[in-house]
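> Here's a structure for you.
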Amino acid sequence: MKTFRIGGVHPHDSKISRNCATEVLPLPQTVYISMAQHLGAPAVPCVAVGDKVKAGQIIAEPAPRALSAYVHSSVSGTVKSIAPRKDISGNSMTHIEIAVEGDEWAEGIDLTPELVTAIPSDRAETLRKIQMGGVVGLGGATFPAHIKLNPPAGSKAECLILNGAECEPFLTSDNRIMIERSREIVVGAAIMQMVLGGCPCRIGIEENKPEAIAAMRSAVRELAYPDIEVVVLKKKYPQGGEKQLINAVMGREVGSGQLPISAGAVVQNVATSLAVYEAVQKSKPLVTNTMTITGDCLPVERQHNYLFRIGIPLSWIAEYAGGVPEGAAKIVSGGPMMGKAISNLDACTVKGTSSLLYLSAKTTKRVDSSACIRCGRCAQACPMGLEPFLLNKLTINKMLDELEANAVQDCISCGSCQFSCPAGIPLLDNINMSKGQVLGIIRARAAAARAAAEAAKANQK
């Protein structure tokens, strides 16, 4: 079994809902679809209040000249409002409110279960379908998939890696789709192979998912596409991090400030591969995903994996699943290591929603922090080879130049340092704050350099 070379920790995997088959979540009376479904600029609404829409219909287009993606209606009904609404972090974002009226889908969308295995040969048309389907990365970053699948000139994809690690504790939705929809995932992988020029594909799955490993290997054998292989990975967090996965599968390092393609890799989540299959083979845009309802204060019989549509209020899902348990001290979207605490349960599902995680006071309680004891455990745990104790000290002293020189911008916010700190120092919280400041400086510097170059070019004319 393979794993990444540097750092990592071993939290209990707590996959309580691993055996919960995926259930289809019914529709509420109203959905609220955010324009920020992806990394980059929010999409621009292209419908008006009073319009009738169908499920799968485009309701917002990518922002011009910016990293952005199409957004589609997940339901059929009437547009009731286009207005700001709070997201899970409490930030205001434009949402399109749609009153649900039946469940009519846009023309041309194939909702039948029949598997379509013939791989298209037209690369440009396939990329267009992925883009028009609003497909984004579903491993957390929600980067528009058509952009990642179209490496810049001079770059070449030497390996497509599908991320089936699902290394965050508690989460099991990726595990379930690998068991239940393995063939569609493999077809999606073959489509992406074609788009990338026929490079090998490796599907990385952690050892604690034996049923998923067996199902994916069976699908690979049955479909017999060339050069697709399941790679079993050791259970270690953060195995699913892009750079860690590349190191584990390919044995290569991605340099500081570099993208995965610099190491010849393109990484996509297994759920993204399923979305690519649906967009290309079924003309179905990304309006559904799978999420886990779980937590250490939730009885086993109330654990679920749901197929949901985007735009459903989390409060409605929580109520449908039996209500917020009394012992919940914190509700998290995502896993306990990298997820976001939900400040607003009236926020709605987006493409990248992965869970409602109910954590008890025992799990969320932090030990009282004390002075650093210079044990070095945080540095041993850091999968990026950083020195969190030093970055923390530099943060406290607001030494931004030194933080950049010590590569705080390379931190992936995995929380391994904080998890391993016996002094209970909030390393991740502090480092995240300074990382944001340093990244802002780096972006401003790059923008100034571009502006200067454009000005010099204009002067030459």
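The values are calculated or read from the model by the stated rules, or taken from the named source; none is laboratory data. For clarity, every value in this text was computed on a predicted model and none was experimentally measured. With ideal geometry, Cβ positions are generated from the backbone for all residues, glycine too; neighbour counts draw on all protein chains shown. To get the accessible areas, we keep the full protein, side chains included, count just its heavy atoms, and leave off ligands, DNA and RNA. Shrake-Rupley method; radii C 1.70, N 1.55, O 1.52, S 1.80 Å.
> Of all residues in the range 210-226, which are open to solvent by 10 Å² or more (accessible area, probe 1.4 Å) and not hydroxyl-bearing (S, T, Y)?
Within the range 210-226, P210, E211, I213, A214, A215, R217, V220, R221, E222, L223, A224, P226 qualify.
> Which residue out of G240, G188 is in a loop (DSSP other than H, G, I, E, B) and touching a residue at least 60 places away in the same chain (Cβ under 8 Å)?
Residue meeting the stated conditions: G240.
> Which numbered condition trips up K15, out of (1) basic (K, R); (2) modelled with pLDDT of 95 or more; (3) open to solvent by 30 Å² or more (accessible area, probe 1.4 Å)?
So the condition that K15 fails would be (3).
> Still on this model: In the range 426-445, which residues are among the small types (G, A, S) and touching a residue at least 40 places away in the same chain (Cβ under 8 Å)?
Scanning the range 426-445 gives a single hit, S434.
> Across the range 33-57, what is the number of residues that are under 20 Å from W105 (Cβ atoms) and within 22 Å of the chain's Cα centre (by Cα)?
The number of residues fulfilling the criteria is 3.
> Quick check on this structure: which one of L233, L196 is within 18 Å of L259 (Cα to Cα) and either open to solvent by less than 30 Å² (accessible area, probe 1.4 Å) or in contact (Cβ under 8 Å) with a residue 40 or more places away in the chain (or both)?
None of the others qualify; the one that does is L196.
> Just the residues that are open to solvent by 30 Å² or more (accessible area, probe 1.4 Å) and assigned to a loop (DSSP other than H, G, I, E, B), please, taken from the range 412-436.
I412, P422, P426
> Please find, among A279, A265, A248, the residue that is of a type in the set (G, A, S), surrounded by 17 or more Cβ atoms within 10 Å (Cβ to Cβ) and under 25 Å from Q57 (Cα atoms).
Answer to the selection: A279.
> From the set of residues in the range 333-344 that are assigned to a loop (DSSP other than H, G, I, E, B) and open to solvent by 20 Å² or more (accessible area, probe 1.4 Å), which is modelled with the lowest pLDDT?
Top of the filtered list is S343.
> Select, from A379, A371, the only residue that is open to solvent by 20 Å² or more (accessible area, probe 1.4 Å), over 27 Å from the mean Cα position of the chain (by Cα) and over 30 Å from C20 (Cα atoms).
Among A379, A371, only A371 is open to solvent by 20 Å² or more (accessible area, probe 1.4 Å), over 27 Å from the mean Cα position of the chain (by Cα) and over 30 Å from C20 (Cα atoms).
> If you don't mind, another one. With respect to P169, is the statement that it is touching a Pro at 6+ places or on another chain (Cβ under 8 Å) and either within 18 Å of Y277 (Cβ to Cβ) or in contact (Cβ under 8 Å) with a residue 24 or more places away in the chain (or both) true?
For P169, the condition - touching a Pro at 6+ places or on another chain (Cβ under 8 Å) and either within 18 Å of Y277 (Cβ to Cβ) or in contact (Cβ under 8 Å) with a residue 24 or more places away in the chain (or both) - is met.
Yes/no per residue for (1) in a strand (DSSP E or B); (2) open to solvent by less than 10 Å² (accessible area, probe 1.4 Å):
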{"site": "T292", "(1), (2)": "yes, yes"}
{"site": "N305", "(1), (2)": "yes, yes"}
{"site": "F308", "(1), (2)": "yes, yes"}
{"site": "G311", "(1), (2)": "no, yes"}
{"site": "W316", "(1), (2)": "no, no"}
{"site": "E319", "(1), (2)": "no, no"}
{"site": "I331", "(1), (2)": "yes, no"}
{"site": "D346", "(1), (2)": "no, no"}
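> Filter the range 349-406 down to residues that are of a type in the set (D, E), within 24 Å of P238 (Cα to Cα) and in a loop (DSSP other than H, G, I, E, B), then give me how many there are.
Of the residues in that region, 1 qualify.
> So which pairs qualify, if the first residue must be in the range 4-19 and over 15 Å from Q418 (Cα atoms) and in a loop (DSSP other than H, G, I, E, B), the second must be open to solvent by 30 Å² or more (accessible area, probe 1.4 Å) and among the β-branched types (V, I, T), the Cβ gap must be under 8 Å, and the two must be at least 6 apart or on different chains?
Short answer, once both residue conditions are applied: I16/V300.
> Quick check on D174: is it under 30 Å from F4 (Cβ atoms), of a type in the set (D, E) and under 17 Å from the mean Cα position of the chain (by Cα)?
yes
> Filter the range 1-12 down to the residues that are in contact with a strand residue (DSSP E or B) (Cβ under 8 Å, 6 or more places away or on another chain) and open to solvent by 60 Å² or more (accessible area, probe 1.4 Å) and list them by number.
Of everything in the range 1-12, those that are in contact with a strand residue (DSSP E or B) (Cβ under 8 Å, 6 or more places away or on another chain) and open to solvent by 60 Å² or more (accessible area, probe 1.4 Å) turn out to be M1, K2, H10.
> Could you tell me which numbered condition S355 fails, if it satisfies all but one of (1) open to solvent by 20 Å² or more (accessible area, probe 1.4 Å); (2) at pLDDT 95 or above?
Among (1) open to solvent by 20 Å² or more (accessible area, probe 1.4 Å); (2) at pLDDT 95 or above, S355 violates only (1).
> Would you mind stating whether V24 is surrounded by fewer than 16 Cβ atoms within 10 Å (Cβ to Cβ) and on the phi < 0 side of the Ramachandran plot?
In short, yes.
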